[in-house]
1. Could you give the radius of gyration (one decimal) and Dmax (whole number) of the Cα atoms in chain A, in Å?
2. Please work out the ratio of the alpha-carbon Rg of the stretch B:142-335 to 2.2 N^0.38 Å and round it to two decimals.
3. Normalised by the residues of chain A, what does the relative contact order come to in percent, with Cα pairs under 8 Å and at least six apart?
4. In terms of modelled amide H atoms, which long-range or inter-chain residues lie less than 5 Å from the amide H of B:Met289?
5. A 28 angstrom limit on the alpha carbon distance is what I want to check against. Which of A:Lys103/A:Lys208; A:Lys58/A:Lys163; B:Lys60/B:Lys110; B:Lys85/B:Lys284 exceed it?
6. In what order do B:Tyr311, B:Tyr133, B:Tyr293 fall by count of nearby beta-carbon atoms within 10 Å, going from fewest to most?
7. If contacts are Cα pairs under 8 angstrom and at least 6 residues apart, what is the relative contact order of the stretch B:122-277 in percent?
8. Using only the alpha carbon atoms of the stretch A:38-184, find the Kirkwood hydrodynamic radius as the inverse mean reciprocal pair distance, in angstroms to one decimal.
Amino acid sequence: MSTNVHNSNPEIAAVDLKDISRTFHSRTVLSNISLSIPRGELFGLLGPSGSGKTTLIKIMTGIDRSDAGSVHMLGVPMPQLSMLQSFGYMAQSDALYNELTGKQNLSFFGAMFGLKGALLKERIQMATDLVDLSQHLHRGVSTYSGGMKRRLSLAIALLHEPKLLILDEPTIGIDPVLRKSIWMELTALSKQGVTIIVTTHAMDEAMKCDRLGLIRDGKLIAVNTPQAIIESAGCSTLEDAFIALGQKGGAEQ
Amino acid sequence: MRIRALAIRIIRQFLRDKRTLALLFLAPLLILSLMKLVFAGQSVSPAIGIIDIPPSLASKFEGTNATITDYKTNESAYSALEEGKLDAILQFTGDTPELLLEGSDPSINKAVLLFLQSSLQTGNSGIALSIHYLHGGPDMAPFDSFGPVLIGFFSFFFVFILAGVSFLRERTSGTLERLLTTPIRRSEVVLGYLTGFGIFTLLQATLIAWFSVDVLGLYMVGNIGSILLINLLLSLTALTLGTLLSSFASSEFQIIQFIPIVIVPQAFFSGLFNLDAMNPWLQKLSYIMPLKYGADAMKGIMIRGEGWNDYQLDVYVLVGFSLVFAILNVLALKKHRSM
Ligand SMILES: Nc1ncnc2c1ncn2[C@@H]1O[C@H](COP(=O)(O)OP(=O)(O)OP(=O)(O)O)[C@@H](O)[C@H]1O
Ligand SMILES: [Mg+2]
């Protein structure tokens, strides 16, 4: 297994983006995004559909490249293959092998991160308990419901105990009870020092984040705690603040 | 209403997909052109070696389309026949003309016999021709000669489609992207595919070879291990080529579109049809076709009982093709993850 090359100095930010821009076929999707996220923070990315959230987090992981600017993750310039060992990424779409069982999916991805034997078994148990999927592990994924697939996907991201969790709309299609327990776990993980970046459209979830980043049309229009964002917009709820700031951001252009 | 809307949607989808359009209109032209080149080229002219033929007889060959070479010794003529430079040798033992056919290709055998019949008037005028075969025999059917090619072709064809479609699935289902968010190397992805499929490929090669020899009773004088080796290498080439080309397809349907572009031309050049009738510079195209090397080796092993020294070049070329395609695969994955 590869040794982790990143700097473990807690002073160095988990995520450090400087002037990131991304263009697809001469259409600018992200422009001049700078963002720093300290270790152990639970950071929420909020923004309308198509605003560039997924693109931004893909650039963080190094799957996608920015056209301009620099990305440092845990102090290491990206993209860097060995850094992927430290990330747990859950994509927006459930990328699962439908022909396999849940357990086979977990074992496969676990093996990709170098987990094996008793440790793999233990990690699978932990991760699936967390998403309440343990009873269904031996079923083919093609027989899973939408929410079950989402939970399996989340379990895979948690499997190798990553230092940085990047979750693209993790709780879509998951019922409120389970959602609550997943968020409790995310909060607990961040208390243990795991940095978590999560995109969401759900305002109640956004309220649980330490800080929020508001994206609109590829621009980061506000970064602050949920309370501060509500106050700065002069509204009473995050939802109103989101709409108000969004309009303001649009009008500035 | 619904039907109309549906029809319009389908037409729009078609118009957006330039490749499907090209396939629809250009591929038939391509195939028709190939057919014409193969069947309407120069007619096959047999190459015959003669040893000690009475001048009266030899003069009858003048002005015909056959290539006649006079050999001084039996040995030189035989080695030319072995090397495939000659289709037949004509010589006299006593009063009877004796014909030794190379024998691998029934259609060439027939052409030689027809040629001799018309120029020597054997048969009718009473000169009995005694016929021998270097390989095969009089009851070798055309299928025996192109069977080995077909074995190679089917291995190649199915592995190509299978590999192409499954790699495409991996890509379109998003699992490739997820896979690439793990610390796996691009070369590991390609090697993993090669290994996983390699096992199935080996099984498939074994099954096809066994079926054609034991069930279909295909003419076979060579070593079954050699057949499996060649078939496996051919499948590996198909596998690497299939996965490589699948990066340029965005749906299963587009994989199917590679059949007339990549597979069918190879069938034409692999020995199913006699290329002697084709324009010589077009014949050279066969050098870039993996199937040709596989088919040549298979044919040599099954019909002529060739050993390692005879087919090793084909092995090297097939291994080379697989390596090149595999490396290109690794590079193509850069499209999905730059590191
Ligand atoms: N590979 C690509 N090629 C071209 N355009 C792309 C590509 N990926 C994303 N885009 C464009 O970039 C923009 C931002 O997309 P992105 O997926 O980041 O949005 P998002 O904020 O995640 O939206 P959602 O909330 O719907 O998931 C969109 O307009 C999208 O069309
Ligand atoms: Mg998204």
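What follows is calculated from the coordinates using simple rules that are stated; it is not laboratory data. From a predicted model like this one, the values you see are computed outputs, not experimental measurements. When we count neighbours, we look across all protein chains shown, and the Cβ atoms used for this are built from the backbone with ideal geometry, even at glycine.
1. 18.2, 57
2. Working: Rg = 17.1 Å, N = 194, 2.2 N^0.38 = 16.3 Å.
Here the Cα radius of gyration is 1.05 times the empirical estimate.
3. Details: 462 pairs, mean separation 61.9, N = 253.
Rounded, it is 24 percent for chain A.
4. none
5. Working: A:Lys103/A:Lys208 31 Å; A:Lys58/A:Lys163 17 Å; B:Lys60/B:Lys110 19 Å; B:Lys85/B:Lys284 17 Å.
Pairs exceeding 28 Å: A:Lys103/A:Lys208.
6. Ranked by crowding around the Cβ, least crowded first: B:Tyr133, B:Tyr311, B:Tyr293.
7. 40
8. 16.2
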